[in-house]
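In what follows, a structure is listed as structure tokens, so that the remarks can point back to it.
The values are calculated or read from the model by the stated rules, or taken from the named source; none is laboratory data. In this text the structure is predicted, and so the values were computed from the model without any measurement. Cβ placement follows ideal geometry from the backbone for every residue including glycine, while neighbour counts extend to all protein chains displayed. Please note that ligands, DNA and RNA were not included when accessible areas were found on the heavy atoms of the full protein model with its side chains. Shrake-Rupley method; radii C 1.70, N 1.55, O 1.52, S 1.80 Å.
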Amino acid sequence: MIDIVLLVLKIGILVLLYLFIWQVVKTAVATVSAPAGTAAPDVALPEGSRPVAVFTPAERDARREDRLTERTVAGEKLDFTGHIDPRLIVEQSPIVPVGVVFSLNGWVTVGRASSSDVVLDEHFVSSTHARFVPRGSFYYVEDLGSTNGTFVNEKRVSGEAQLKLDSRVRIGETVFRYEE
Amino acid sequence: MSRRNIELLFLVIAGALSTMAYVSVYAGRFREINRVSIIYGLVFVGIFFLLHLLVRFVLPQADPFLLPITALLAAIGLTEIFRIRPSLALTQGQWLLVGAGLFVLTILVVRDHMKLDRYRYIMGVIGLGLLVATIALGTTVNGSKLWIHAFGFSIQPSEFAKLAIVIFLAGYLNDKKVMLSVPTHHVLGVPLPAAKYFGPLLVMWVLSLAMLIFMKDFGMALLFMSIFVALMYMATTRIVYVVLGGGLFAAAAAIAVAVVPHVQDRFGTWLDPWPHATTTGYQLLQSLFTIADGGILGAGFGRGFLLYANHQPVVPDLQTDFIFTAIANEMGLLGAAGLILVYVLFMWRGFRIAVWAPDGFSKLLAAGLAFAFGLQTFIILGGVTRLIPLTGITLPFVSYGGSSITANLMLVALLLMVSHRTNVVREGSDLERRRLAERG
């Protein structure tokens, strides 16, 4: 009698073991596709709050220029700057959106430190990496002893390099185009 | 069916299986079936039911299969230990309770595994400290220095160090993966990243080499080195680390085989056990005979030839390192293959969690834990079946050993936390949704 029970148990355990395995696979595969289709519910904004206006870089440029230029009494634009509006435009970057414009005014420091004028929080940027310095009517970029270097048109800057129109400045993985 | 109900259902199957196995062992020994054997099953199910309740309330969206898989493995292990040495089964049962307690504690204290990322260096220090402590204070058992005796317990710190090191590596590599994946210079034509990012990883290599030489334990050294290489590869996707790591470990192993007599013995026995059949090869050969003796369907729980008349097991260390041998004997080829499939299920769930995880740290953590679990299983199963050199390492959840079951239950707790957070991020929180529905 007991031997029959033991035989039944032996077979039963094996059957149950494989049933368990089969059911886990079956249930898991069946539930895999289900949650992927259901999107996360949209976050409801509290009433009265409006999203902040977002400008394209071109719009922002236009607004800024508008603010900076002086006008005659008749409202015509007067341009005293001689078109010198040095600025850096982000061409490619893992962190800064492409097209963002940094206008250069006096000394501008770039680095990972939050005290920099242009903060680039990425791995290959040193905390104080480089600075842009006006000298006469030209802008220069100075490498401040960074680990991974500053590149102007893919040439590593030793000390400093003068920027010309459309020079590409690469710091870490971010590339800026210089315009004036 | 909700995740937690699926979990409960599978726990019931695991519980039924454990009760049947226990009844079988009991009936095999005492030729009778009584209430004790059924109560045993209920107590076992009860422990896991409490864990299930905790998960239901704290991590409701966690993976539903991990806990039942764990329960099934623990059930098979506990039953087989009871079969081999009933007094040890009681101790193991107590360890299971301790492990369940630590499982609860881990979940309640940590709650969100992302917190652990902030403690990564502390985890690294804990992991290293445990290993160094083992090298310094450990006692040698079976030729390997893996144990620390303290307060009347013997603890195997490497099991816990495994968790700490995976947490550290996941945090560290997630932070530094960009640097590590871009080579800045070449050594002998091999592109390498800057030394300062590479340094801590060399420390890991030296550590595993030290483990090999001072702890004389090939298995643990292989486990730690592989965890580290696998995580490096997963973080950077650069195969050069696998090649380098494999090469370095092979070199270390070659040195160890040449220098450390214990490792040399194990290696020689693995290549050809027959000349040492009565000495160093005895254990391995007995294991092979015992596995073969099980046949296709096995002898049945409690009915295999595992003990001599004087109650000595036919294979030394049957309840710890060689538990798989005992299971293969009593459950046969089918049962042993089924057991391996259950381990595969566990790894599948672990990697699934890693693939779905929304951030780098979670991915590396889950993948690292699943990998460590799977590799440990492979090392010991390979060892007892003579696929790779035999090393004393526990079969997770099944082998007799408090440190092992405790640490692995904590591993499950971590995986559950990662999977809960993943599902909350992917599908929104069930709790939040229910609250919104109640509000109308």
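Within the range B:236-259, the set of residues being part of a helix (DSSP H, G or I) and exposed (fewer than 14 other Cβ atoms within 10 Å of the Cβ) comprises B:Ile239, B:Val243, B:Gly246, B:Gly247, B:Ala250, B:Ala251, B:Ala254, B:Ala258, B:Val259.
Taking helices (runs of 4 or more DSSP H) that fall entirely within the range B:60-120, which contain at least 2 residues that are among the hydroxyl-bearing types (Ser, Thr, Tyr)? Outline the logic, then answer.
Details: elements: B:66-84, B:86-110, B:114-118.
Counting at least 2 such residues, we get B:66-84, B:86-110.
Of the listed requirements (1) in contact with a helix residue (DSSP H, G or I) (Cβ under 7 Å, 6 or more places away or on another chain); (2) assigned to a helix (DSSP H, G or I); (3) over 16 Å from B:Val384 (Cα atoms), B:Phe267 misses just one: (3).
Checking the structure you have, find out if any residue of the range B:84-100 is within 21 Å of B:Gly335 (Cα to Cα), buried (at least 16 other Cβ atoms within 10 Å of the Cβ) and within 14 Å of chain A (Cβ to nearest Cβ). Looking for residues that are within 21 Å of B:Gly335 (Cα to Cα), buried (at least 16 other Cβ atoms within 10 Å of the Cβ) and within 14 Å of chain A (Cβ to nearest Cβ), one finds none in the range B:84-100, hence no.
Only one entry of B:Leu67, B:Leu53, B:Leu78, B:Leu88 meets the criterion of being out of contact with any Leu (no Cβ under 9 Å at 6 or more places or on another chain) and closer than 30 Å to B:Ala366 by Cα, and that entry is B:Leu53.
Looking at B:Gly332, B:Gly383, B:Gly350, which is the one that is of a type outside the set (Phe, Trp, Tyr) and within 9 Å of chain A (Cβ to nearest Cβ)? Lay out the reasoning, then the answer.
Details: B:Gly383 fails: within 9 Å of chain A (Cβ to nearest Cβ); B:Gly350 fails: within 9 Å of chain A (Cβ to nearest Cβ).
Of B:Gly332, B:Gly383, B:Gly350, the one residue that is of a type outside the set (Phe, Trp, Tyr) and within 9 Å of chain A (Cβ to nearest Cβ) is B:Gly332.
So B:Gln319 fits all but one of (1) within 14 Å of chain A (Cβ to nearest Cβ); (2) not in a helix (DSSP H, G or I); what number is the exception? Exception for B:Gln319: condition (1). Please tell me if B:Val342 is farther than 22 Å from A:Ile11 by Cβ and open to solvent by less than 10 Å² (accessible area, probe 1.4 Å). The answer is no for B:Val342.
Please verify whether B:Leu416 is touching a Phe, Trp or Tyr at 6+ places or on another chain (Cβ under 8 Å), over 30 Å from B:Tyr282 (Cα atoms) and away from chain A (no Cβ under 12 Å), treating the condition exactly as stated. Walk me through it before giving the result.
Working: touching a Phe, Trp or Tyr at 6+ places or on another chain (Cβ under 8 Å): no; over 30 Å from B:Tyr282 (Cα atoms): yes; away from chain A (no Cβ under 12 Å): yes.
No; evaluated as a whole, the condition is false for this residue.
Would you check which residues across the range B:46-83 are among the β-branched types (Val, Ile, Thr), within 14 Å of another protein chain (Cβ to nearest Cβ) and farther than 29 Å from B:Gly428 by Cα and list them? B:Ile76, B:Thr79 - these are the residues of the range B:46-83 that are among the β-branched types (Val, Ile, Thr), within 14 Å of another protein chain (Cβ to nearest Cβ) and farther than 29 Å from B:Gly428 by Cα.
Among all residue pairs at least 6 apart or on different chains, which show Cβ distances below 8 Å where the first residue, located in the range B:5-19, is facing chain A (nearest Cβ under 10 Å) and touching a residue at least 40 places away in the same chain (Cβ under 8 Å) and the second is of a type in the set (Gly, Ala, Ser) and part of a helix (DSSP H, G or I)? As it stands, the answer is B:Ala14/B:Ala71; B:Ala14/B:Ala75; B:Leu17/B:Ala75; B:Ser18/B:Gly41; B:Ser18/B:Ala71; B:Ser18/B:Ala75, since those pairs meet every condition given.
Would you check if there is a residue in the range B:274-281 being in contact (Cβ under 8 Å) with a residue 24 or more places away in the chain, out of contact with any strand residue (DSSP E or B) (no Cβ under 6 Å at 6 or more places or on another chain) and open to solvent by less than 50 Å² (accessible area, probe 1.4 Å)? Let's see the steps before the verdict.
Step one: filter the range B:274-281 for residues in contact (Cβ under 8 Å) with a residue 24 or more places away in the chain, giving none.
No, that holds for no residue.
Against the definition (modelled with pLDDT of 90 or more, part of a helix (DSSP H, G or I) and among the hydroxyl-bearing types (Ser, Thr, Tyr)), how does B:Ser403 come out, yes or no? Spell out the reasoning first.
Numbers: modelled with pLDDT of 90 or more: yes; part of a helix (DSSP H, G or I): yes; among the hydroxyl-bearing types (Ser, Thr, Tyr): yes.
Answer is yes for this residue.
All conditions but one from (1) surrounded by fewer than 20 Cβ atoms within 10 Å (Cβ to Cβ); (2) at pLDDT below 90 apply to B:Ile126; the one that does not is (2). Residues in the range B:294-304 include at least one that is outside any loop (DSSP other than H, G, I, E, B), of a type outside the set (D, E, K, R) and either open to solvent by less than 10 Å² (accessible area, probe 1.4 Å) or in contact with a helix residue (DSSP H, G or I) (Cβ under 9 Å, 6 or more places away or on another chain) (or both). When the range B:221-240 is filtered for residues that are touching a residue at least 40 places away in the same chain (Cβ under 8 Å) and aromatic (Phe, Trp, Tyr), the ones remaining, listed by number, are B:Phe224, B:Phe228. In this structure, B:Arg31 qualifies as basic (Lys, Arg) and either within 11 Å of chain A (Cβ to nearest Cβ) or open to solvent by less than 80 Å² (accessible area, probe 1.4 Å) (or both).
With respect to the conditions (1) open to solvent by less than 10 Å² (accessible area, probe 1.4 Å); (2) part of a loop (DSSP other than H, G, I, E, B), B:Ile388 lacks only one, and its number is (1).
Note on the range B:102-115: residues that are open to solvent by 10 Å² or more (accessible area, probe 1.4 Å) and either more than 18 Å from the chain's Cα centre (by Cα) or within 14 Å of another protein chain (Cβ to nearest Cβ) (or both) amount to 9. Can you report the number of residues in the range A:119-135 which are without any contact (Cβ under 8 Å) to a residue 24 or more places away in the chain, open to solvent by less than 80 Å² (accessible area, probe 1.4 Å) and not hydroxyl-bearing (Ser, Thr, Tyr)? Residues in the range A:119-135 being without any contact (Cβ under 8 Å) to a residue 24 or more places away in the chain, open to solvent by less than 80 Å² (accessible area, probe 1.4 Å) and not hydroxyl-bearing (Ser, Thr, Tyr): 1 in total.
Taken together, B:Arg439, B:Arg426, B:Arg435 contain a single residue that is modelled with pLDDT under 95 and within 11 Å of another protein chain (Cβ to nearest Cβ), which is B:Arg426.
The one condition from (1) touching a residue at least 12 places away in the same chain (Cβ under 8 Å); (2) assigned to a helix (DSSP H, G or I) that B:Leu341 does not meet is (1). One residue alone among B:Phe373, B:Phe378, B:Phe351, B:Phe397 is without any contact (Cβ under 8 Å) to a residue 40 or more places away in the chain and open to solvent by less than 50 Å² (accessible area, probe 1.4 Å), and that residue is B:Phe373.
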